[in-house]
Each structure stands twice: as structure tokens, then as C-alpha cells.
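Readers should treat all values here as calculations from the given coordinates under stated rules, not as data from a laboratory. Just so we're clear, the structure is a prediction, and the values are computed from it rather than from any experiment. Note: ideal-geometry Cβ built from the backbone for every residue, glycine included; neighbour counts use all protein chains shown.
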């Protein structure tokens with residue numbers, strides 16, 4: 001007993017000598033990592049009981065009530081709730097049954113420690129719901145609270161590692177339908193309003209809480225696993241073709257993921273809503289996924305690429321139920337973990353459903369161009385980024401997370417082996433289910449399944465940015481035999497980073513080809529197996545598309561790319577050609593000629609889309625106006641003639657998309673006008689009403705003489721009220737009157753005019769189209785000045801997309817000077833936003849370098 005007393009006294013002494021928790025950043029705007037770490041220690045067993053009363057009129061506020069139950073273990077500091085709204089929105093506060101004064105500062109509601117007790121506490125708050133992320137419209141609304149926007153709606157602990165349960169009640173106009181994370185348990189009708197009661201939700205982070213309410217149609221699936229869907233689409237053909245398939249795709253995804261993870265579906269339900277103006281492709285809210293409506297509703301003539309894209313989107317959001325929702329990152333610096341697995345698993349699970357599609361090619365074309373599009377820039381960032389405050393979490397998202405991370409994970413799986421990798425993932429899911437994890441937690445588990453030094457591997461792939469430039473040195477004997485074959489890598493940014501990676505190299509001979517597997521673990525690799533071989537007619541590096549970086553380009557075989565039988569080889573060749581072009585190793589004119597020949601011969605829809613995308617970029621950004629005018633008549637006739645040939649419906653849609661995106665001269669306008677007028681019908685080209693609306697807008701941008709008449713008639717063709725509202729919003733951006741376009745862009749200074757972000761981005765795309773840039777360049781200073789405000793008020797992808805559709809579309813020296821001057825005059829500019837600018841304007845700056853190199 002004496003020893004026990006001594007031990008207890010020693011422990012007490014240790015505790016008293018602990019460094020006190022610093023609250024220096026507790027009261028900062030946003031959620032600092034210091035506050036988050038303390039609250040994780042301080043608070044547990046959280047239950048939010050929320051009540052929202054949605055009025056019929058859009059302009060009226062939403063009265064709300066919160067009953068918060070939580071267990072508190074530490075009273076050394078006040079309890080700090082997050083509420084990113086004005087103090088006036090807080091109407092009353094009761095703490096453990098007693099009224100309390102409201103102390104609201106720097107987006108936080110401070111609960112005095114004197115009013116609390118260790119153990120269970122109850123806090124009741126009457127408030128007006130915040131609307132920054134409520135997305136209210138005349139006849140529907142939806143929440144979108146990622147990454148730290150729950151606190152813009154209601155008081156909460158808005159950090160991912162304080163998971164909670166939610167019990168929700170929503171009063172809404174009786175003709176509205178309501179969807180939430182928990183199951184709906186009952187309804188009460190009170191005059192023109194109905195109160196919807198939802199049962200206690202599963203455990204989730206605040207960013208995954210959501211509800212949708214409004215005038216929606218409803219569909220339910222059949223079978224043993226019921227699903228409910230809300231939608232606003234009105235096209236009967238799309239509804240008939242899409243709804244059964246959408247239910248089926250969710251079910252297939254669920255079944256695959258249960259088997260792969262060896263963990264049953266983790267939540268009470270898998271319902272979803274489609275929203276016309278949704279900011280993203282989808283968002284993985286627990287029990288109530290939200291999708292952009294156009295991404296799910298396709299007609300019977302949808303291309304294989306469109307069908308595959310929809311399946312992957314559904315697979316992505318369903319995979320999040322395990323990767324992100326069940327196991328959640330501890331802090332948003334590891335947000336990439338949930339996205340990499342969602343993308344990675346989506347690619348795996350769609351393969352069985354689409355056996356006719358080359359999935360290796362699909363992975364290559366879906367991820368590599370986008371990853372390179374950010375990683376080649378001066379604004380690139382590591383996959384895992386440091387984050388001091390959650391208010392900056394939205395800026396972490398981008399193609400590095402969504403596209404480079406899956407490439408990294410595929411390299412890791414290939415190196416470990418699929419079975420070993422899967423065993424590690426299964427253990428990871430079971431270990432951290434209904435909890436939170438860090439990248440180091442996953443590395444520790446995977447380490448047990450492999451002999452690879454994952455710490456060193458992760459250091460360059462995950463914690464550092466950039467990509468390698470690969471080169472080769474081949475020596476031959478006098479009789480033409482290979483005596484040495486060395487492959488080298490160096491970091492594109494000039495650092496000493498080395499990327500351990502796997503890829504193939506293929507040597508071509510007149511009657512055969514020889515492929516070698518490369519395991520590059522240092523700066524150089526000697527391909528000793530090639531010694532003694534004859535000199536090849538051509539060499540293709542990264543011939544399996546697995547490697548990452550800029551690979552050597554065989555200039556003598558460029559005209560042979562389209563003859564490669566292997567589709568992945570063709571895809572890698574086109575991607576590597578494009579990257580070498582932007583690196584200044586081959587001229588845009590020469591590349592455009594290779595791509596032009598390729599599109600005329602290509603039969604694979606996925607590759608045709610890749611080639612079309614690259615052609616479009618080079619045409620508008622890297623060719624001069626004179627070069628465009630020289631190229632266009634020939635290309636336009638070739639594409640139009642190709643449309644008259646007997647090629648697949650999917651290929652015709654791809655070719656027509658390329659044609660309509662560049663055919664801005666008189667002959668092209670005339671042909672497009674006849675198609676839009678339905679005077680010309682191209683056999684097997686299936687265009688839906690949305691395609692005709694897009695075509696009408698394109699004709700307006702091109703300055704067709706009848707653009708007013710075209711837009712007026714097109715408006716009469718639109719019956720869906722959501723699509724009609726979008727059309728009306730965009731009309732000023734399509735005007736040939738410069739003042740109309742100017743007025744619309746100037747209106748975006750007001751945040752209320754930027755609420756429908758997808759509409760705003762479309763409008764900016766038209767206003768800053770290359771054909772309008774001579775007059776629109778004057779808006780670039782405003783576009784850049786607004787970026788910080790856009791980050792505060794917009795959703796996670798809006799800042800980068802805003803810069804991309806404004807400054808990012810330009811190629812002129814004047815635009816480059818405006819961007820450079822802006823950055824030079826703001827030396828202390830937010831570094832995350834600076835990187836977004838550098839990413840979005842990389843092509844603009846490279847266009848200057850390429851042009852200047854020609855002059856030299």
C-alpha cells in the first residue's frame with residue numbers, strides 16, 4: 001500500500017509538471033490545429049439534436065434550435081464551439097438548464113468553464129441558420145459543408161476527428177421532399193408545412209452532415225438493399241435510361257467494396273439526391289450523397305466514356321463510405337487519403353461492369369494529364385500538405401490529390417503486390433472503423449505486408465512535390481549492337497529527389513518488339529538485358545503507362561504513333577508528346593500535326609478524347625492567330641468529312657465536340673448553324689437537347705450573324721426550369737455587345753452573384769474565350785483581386801477554377817504581364833492562393849517561353 005501511495009504521488013507530480021496547454025491560437029478565426037488538438041482531448045460522446053424551420057419565402061431567415069450533448073473531461077479552458085456567422089444569429093443560450101450570456105468572438109461561441117461540469121453536459125442554443133453553405137434557391141436547398149462549413153450553418157465542433165451522432169427535424173413546405181443522413185421516422189403536417197423527423201444518424205464528422213429539401217421527384221430501388229433518390233431532371237428519355245442504371249451502379253459498387261475491404265456496408269442507408277447546380281461531381285455525405293444532376297442523367301446515346309465516367313463517379317462516392325466516412329482523416333492535411341482511395345477503388349470496381357473498355361488506358365488518360373497539369377507548374381504541392389488552420393483546408397484540393405495520388409497508390413500496389421496491398425487495406429479499415437487515422441497509421445500497417453522501405457518511399461512520393469525528367473544514354477558497337485543502355489532521372493525542379501518507380505521500355509524491330517521491366521530506385525538504371533541487341537528502329541519509354549514523369553521522345557518515330565496496335569502505348573505516346581511540347585523540346589506546330597494525323601486515324605473513343613483535348617489546348621493557347629487561321633480550313637474540312645464516314649456513334653460525338661470547339665470561321669459557323677437548325681442531320685450523331693443548347697451558345701460566342709435569333713429560339717426549346725434559369729443567367733456572357741459581357745463580369749464582385757458557381761464559371765469561360773480576349777483582358781486585374789474573397793465565400797474548387805476560366809485561358813504577353821505584376825506587387829500574398837494562380841496560368845507562361853524561344 002505504501003508503494004501505491006508513492007506511485008500515485010509520483011504520477012501527480014508528473015502531471016503537475018506537464019507543460020500547460022497554450023491557448024494562443026484557440027480564439028483565432030477558423031479552427032487552429034492547437035484548438036483542434038485540445039478539443040479532441042477535452043470533448044467526447046457528442047450528439048447534435050437539430051431543428052430547422054424552412055420558410056416558404058427565400059428571403060426569410062431559417063429559425064433553428066440545437067440541443068448539444070457532450071461529455072467534457074477537461075475544464076482547464078472554456079468550451080469553444082465554432083459558429084462562422086454574425087453574433088446576431090445567436091438568439092439564446094442555456095447551459096445545463098441555466099440561461100447564459102452569449103460570448104461570440106472570431107467565429108467562435110465561448111462557453112465559460114464555470115458553467116460546465118466534468119462528464120455529461122447539455123447546451124441548448126436558439127439561432128438563425130447561417131446561409132453561406134446552405135445553397136438556398138426558390139424551390140430547393142442543400143447543404144454542402146466540406147471542409148469546415150458546418151460551422152457556417154450551426155454551432156458545432158467543426159473538425160474531422162470529433163465524430164458525432166445527429167438527430168434532425170426539418171419543417172418545410174408540404175410539397176417539398178426532404179433527405180438527410182438518418183432514416184426518416186415520421187412526419188407531422190401543420191397547415192402548409194410538414195415536419196420531417198429523422199432517426200439518430202450514424203457516427204460522422206461534421207463535414208459529412210447534410211440535408212436536401214425542395215421540390216424534387218422521388219424514385220426508390222427494388223431488391224434487398226433499398227435506395228432512395230431525389231431528382232429534378234424532366235427529360236423522359238434520360239429518366240428512363242438513367243434511374244434503374246444508377247441504382248444498379250450503386251449496388252454493384254457497394255457489393256464490390258464489401259468484398260474488397262472484408263467489411264460490411266457501414267451505414268444505415270445509401271440514399272442520394274441529384275442537384276442541377278451542384279458545385280462538384282458528387283459529395284459523399286453519409287446516408288445522403290449529393291451529385292451534379294447532369295453527371296448521373298444520361299440518355300440512351302451516351303458514349304462509353306460518359307457511361308464509364310458516371311460509373312466511376314458513383315464508385316468514387318460509394319467508396320467514400322469506407323474511405324473517408326467510416327475511416328476519416330484525423331486532420332485535413334490527410335484529406336488526400338480519402339480521395340486517393342475513392343479514386344483508386346472506383347477504377348477497380350468499374351472494371352467488371354465494362355469489360356469492353358481498356359481500363360489501363362482509362363486510368364492513364366484520366367489521371368496522368370491532370371496530375372501533370374499541376375505537378376509541372378511552379379505552384380505544385382506535395383500530396384500531403386501541412387495545414388495550420390482548417391480555414392485553409394479547402395485550398396488543399398486539386399489534381400495532385402485526385403490524380404497524382406492514385407498514380408502513387410498504383411505504383412505502391414504494383415511494388416507490394418495486389419494481395420499484400422489488399423490485406424493491409426482490410427486491416428486498416430478494421431483497425432480504424434468509426435474513428436480517424438493518419439497517413440503514418442496506414443504506412444505502419446502496410447509496412448507489415450512488404451519488405452519495401454515505405455518511409456523512404458513515402459518521403460518523395462507523398463511528402464514532396466514535382467516529377468522527374470528521364471533521359472537515356474545508349475552506346476553502340478561498330479556493328480550496330482547495343483553496348484550499354486542507361487536510363488537516368490533528375491527532378492524537374494532541379495532538386496536531388498529520386499522517384500522509386502516501375503515502368504516498361506519497349507524496343508521496336510521490323511518484325512518484333514522487346515519489352516523490359518524497369519525498377520528505377522536511384523538516379524540511374526543500367527538496362528544490361530539490352531546489351532548485344534541490334535539497334536532498334538524506335539524506342540518507347542514507359543510503354544505500359546505505369547511510370548510518372550517526362551520520358552525521352554523518339555522524334556524519328558512520331559509519325560508512327562497512330563500505327564501502334566497497343567492502345568496504352570498510343571495513349572502514353574500522345575501524353576508524353578504533349579508534355580515534351582510544353583517543356584519546349586518539340587514545337588507546338590509539329591505536335592499539332594502529329595495529333596491531327598492521329599485524330600483522323602484513331603478508332604478508340606478514349607484516345608480520341610485525349611487527342612481532342614490536347615489539340616484544343618495547343619490550338620487555342622500555343623498556336624499563334626496566324627497559325628490557327630492556316631490550320632483551321634484544312635482541319636475543319638477533314639473533321640467534317642470524318643463525320644460523314646461510317647464510324648461509331650461514340651466517335652462521332654467526340655469528333656463533333658472537337659469540331660464545334662474550333663470551327664469559328666464562316667464555313668464552320670454555317671455548318672454548325674445548319675446542324676443546330678436541324679437542317680443537316682449527321683448520320684449516327686445523336687444530339688440531345690442539352691447538346692443543342694450548348695451548340696447555340698457556341699454559335700453566339702463565335703459571333704454568328706444570327707446569334708440573337710439563335711438564342712431567342714433556343715430559349716423556347718428549353719422546358720426544364722433549372723436549365724432555363726441557367727440559360728438566362730448566361731445570356732449576357734454570350735452577347736456580342738461588349739458592355740453586356742463587362743457588366744456581367746463586374747457583377748461578380750458581389751458574392752450573391754457568385755452563389756451558383758457552376759453558372760459563374762461557364763459565364764467566365766465565355767467572357768474570356770480566346771475570341772473575346774482582346775476586349776476581356778482588362779478584367780484580369782479584377783479576376784485576380786477577387787480571388788481571396790472567392791476563397792472565403794466559395795466552395796473548395798471555386799478558387800482554382802475561377803483563375804483557370806479567367807486568366808488561365810489567355811496566351812498573350814499582355815495577360816502574362818498582368819499576372820506577373822499582380823504576384824510581384826503582392827509579396828505577402830496567401831501562398832496557397834498564389835500556387836493556385838501559378839497552376840492555372842502555367843500554360844499562359846509557357847506560351848511566352850515557347851514564343852520567345854522561336855525569336856531566339
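Among 657-667, 513-523, how do they line up by average Cβ neighbours within 10 Å per residue, starting with the highest?
Working: 657-667: 17.8, 513-523: 14.3.
In decreasing order of mean packing, 657-667, 513-523 become 657-667, 513-523.
Between residue 96 and residue 245, what FRET efficiency comes out of the Förster formula 1/(1 + (r/R0)^6) with R0 = 51 Å and r the beta carbon distance, rounded to 0.05? Kindly include the intermediate steps, with their values, before the conclusion.
On the way: r = 52 Å, r/R0 = 1.02.
About 0.45, to the nearest 0.05.
Let me see the pair-distance distribution of region 247-315: every alpha carbon pair, 10 Å bin width, integer percents in order.
Histogramming region 247-315 at 10 Å steps yields 19, 49, 27, 5 percent.
Based on the Cβ-Cβ distance of residue 268 and residue 69, what FRET efficiency does E = 1/(1 + (r/R0)^6) give at R0 = 22 Å, to the nearest 0.05? Intermediate values should be presented prior to the final figure.
Details: r = 20 Å, r/R0 = 0.91.
E(calc), rounded to 0.05, equals 0.65.
Divide by every residue of the chain the summed helix terms, -39500 (n - 2.57) for each DSSP H run of at least 4, and state the resulting mean residue ellipticity at 222 nm, rounded to the nearest 500 deg cm²/dmol. List each step's numbers first, then the result.
Numbers: 29 runs with 355 residues, N = 856.
Roughly -13000 deg cm²/dmol at 222 nm, from the helical runs in the chain.
In nm, what is the difference between 0.36 nm times the number of residues separating residue 118 and residue 724 and their Cα-Cα distance? Could the numbers behind the result be given before it?
Values: separation 606, 0.36 × 606 = 218.16 nm, distance 5.62 nm.
Extending this stretch completely gives an extra 212.5 nm.
Considering only DSSP beta bridges with both partners in the chain, what is the antiparallel share in %, to the nearest 5? Before the final figure, lay out the partial values.
Working: 85 of 104 bridges.
About 80 percent, rounded to the nearest 5.
What is the helix-to-structure angle for 625-643, meaning the angle in degrees between its Cα long axis and the longest Cα principal axis of the chain, kept from 0 to 90 and rounded to the nearest 10?
It is inclined by approximately 90 degrees.
Classify the chain: rounded, prolate or oblate, from the alpha-carbon gyration tensor (a ≥ b ≥ c, eigenvalue square roots; a/c under 1.5 rounded; otherwise prolate if a/b is larger than b/c)? Provide the component values of the computation, followed by the final result.
Numbers: a/c = 1.76, a/b = 1.28, b/c = 1.37.
Oblate shape, in that a/c is at least 1.5 and b/c is the bigger or equal ratio.
Roughly how many nanometres apart are two label points built 7 Å out from the Cα toward the Cβ at residue 481 and residue 37?
6.4 nm
Please give the helix 707-717 orientation as an angle from the longest Cα principal axis of the chain, in degrees from 0 to 90, rounded to the nearest 10.
50 degrees
Sort 483-491, 56-64 by the packing proxy (mean of other Cβ within 10 Å over each peptide's residues), most packed first. Mind showing how you got there, number by number?
Details: 483-491: 17.4, 56-64: 13.0.
In decreasing order of mean packing, 483-491, 56-64 become 483-491, 56-64.
Residues of region 467-486 with the amide nitrogen closer than 16 Å to a label point 7 Å from the Cα of residue 528, along Cα-to-Cβ, please.
Zone members listed by number: 483-486.
Report the FRET efficiency, 1/(1 + (r/R0)^6), for residue 450 and residue 493, where r is their Cβ-Cβ distance and R0 is 35 Å, rounded to 0.05.
0.75
Using only the alpha-carbon atoms, how far is helix 567-582 inclined from the longest principal axis of the chain? Give it as 0 to 90 degrees, nearest 10.
90 degrees
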